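Read the structure below first, then the notes.
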Amino acid sequence: MVENDLSYKIRGVIFKVFSTLGPGLYESAYEAVLAYELKKLNLIVEQQVPLPLVHETISLDVGYRIDILVEKKVIIEVKSLENLLEVHHKQLLTYLKLSGIRLGLLVNFNTPDISKSIFRKVNDL
């Protein structure tokens with residue numbers, strides 16, 4: 001399945017999770033339910049995937065974690081914040097660059113309108 005098809009399915013699940021849970025919960029709750037619902041679609045879903053920083057010839061574990069990785073093709077960065085900052089967008093772009101993955105979704109569940117809180121980011125490789 002290509003990234004665009006995955007993105008479409010993921011967005012549908014995000015809307016389902018939001019309509020069920022609403023805003024105001026911790027990120028960990030949304031992450032757990034989102035991963036569960038994606039797995040129900042028979043997708044390969046990994047949570048809290050370690051992401052090393054490669055410097056020169058060494059790989060450094062500096063604590064970066066991908067919230068959700070779907071089919072090893074799409075990163076989902078889950079937030080539940082009053083306001084997203086530019087640094088949150090940059091964080092996802094950096095994760096895409098470090099991982100070599102092309103597509104990421106930044107989603108903020110602490111919102112009255114989830115459709116305006118899903119941001120698609122593309123790694124130009």
Neighbours by Cβ (under 8 Å, 6+ apart or cross-chain): first from segment 89-101, under 14 Å from Lys79 (Cα atoms); second of a type in the set (Asp, Glu) and at pLDDT 95 or above: Gln91/Glu77; Leu92/Glu77
Residues within segment 86-96 that are modelled with pLDDT under 95 and over 14 Å from the mean Cα position of the chain (by Cα), tallied: 0
Residue satisfying all of: in segment 34-76; more than 17 Å from the chain's Cα centre (by Cα) and charged (D, E, K, R); nearest to Leu93 (Cα to Cα) among these: Asp61
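If the requirement is being out of contact with any helix residue (DSSP H, G or I) (no Cβ under 7 Å at 6 or more places or on another chain), outside any loop (DSSP other than H, G, I, E, B), over 19 Å from Glu3 (Cβ atoms) and hydrophobic (A, V, I, L, M, F, W, C), which of these qualifies: Val62, Val87?
Values: Val62 fails: outside any loop (DSSP other than H, G, I, E, B).
None of the others qualify; the one that does is Val87.
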Index of the failed condition, Thr20 passing every other in (1) more than 14 Å from the chain's Cα centre (by Cα); (2) closer than 24 Å to Asp124 by Cβ: (2)
Where a residue in segment 12-29 is surrounded by 13 or more Cβ atoms within 10 Å (Cβ to Cβ) and its partner, wherever it lies, is among the acidic types (Asp, Glu), with Cβ under 8 Å and at least six apart: Val13/Glu37; Lys16/Glu37; Val17/Glu37; Glu27/Asp67
Selection within segment 1-46 - part of a loop (DSSP other than H, G, I, E, B) and of a type in the set (S, T, N, Q): Asn42
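Would you pick out the residues in segment 65-84 that are surrounded by 10 or more Cβ atoms within 10 Å (Cβ to Cβ) and outside any strand (DSSP E or B)? I'd like the intermediate steps shown before the answer.
Looking only at segment 65-84, we keep the residues that are surrounded by 10 or more Cβ atoms within 10 Å (Cβ to Cβ), and these are 65-81, 84.
The answer is Glu71, Lys72, Lys73, Ser80, Leu81, Leu84.
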Filter result (touching a strand residue (DSSP E or B) at 6+ places or on another chain (Cβ under 9 Å) and assigned to a helix (DSSP H, G or I)) within segment 90-113: Gln91, Leu92, Leu93, Tyr95, Leu96, Leu98, Ser99
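For segment 1-11, name all the residues that are closer than 18 Å to Lys79 by Cβ and surrounded by fewer than 18 Cβ atoms within 10 Å (Cβ to Cβ).
Taking segment 1-11 first, the residues closer than 18 Å to Lys79 by Cβ are 7, 10-11.
Listed by number, the list holds a single entry, Arg11.
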Output for segment 86-116, where each listed residue is surrounded by fewer than 17 Cβ atoms within 10 Å (Cβ to Cβ), under 15 Å from Lys16 (Cα atoms) and of a type in the set (S, T, N, Q): Ser115
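The values are calculated or read from the model by the stated rules, or taken from the named source; none is laboratory data. Predicted, not measured: the structure shown is a model, and the values here were computed from it. We place every Cβ from the backbone using ideal geometry, glycine too, and count neighbours over all the protein chains shown.
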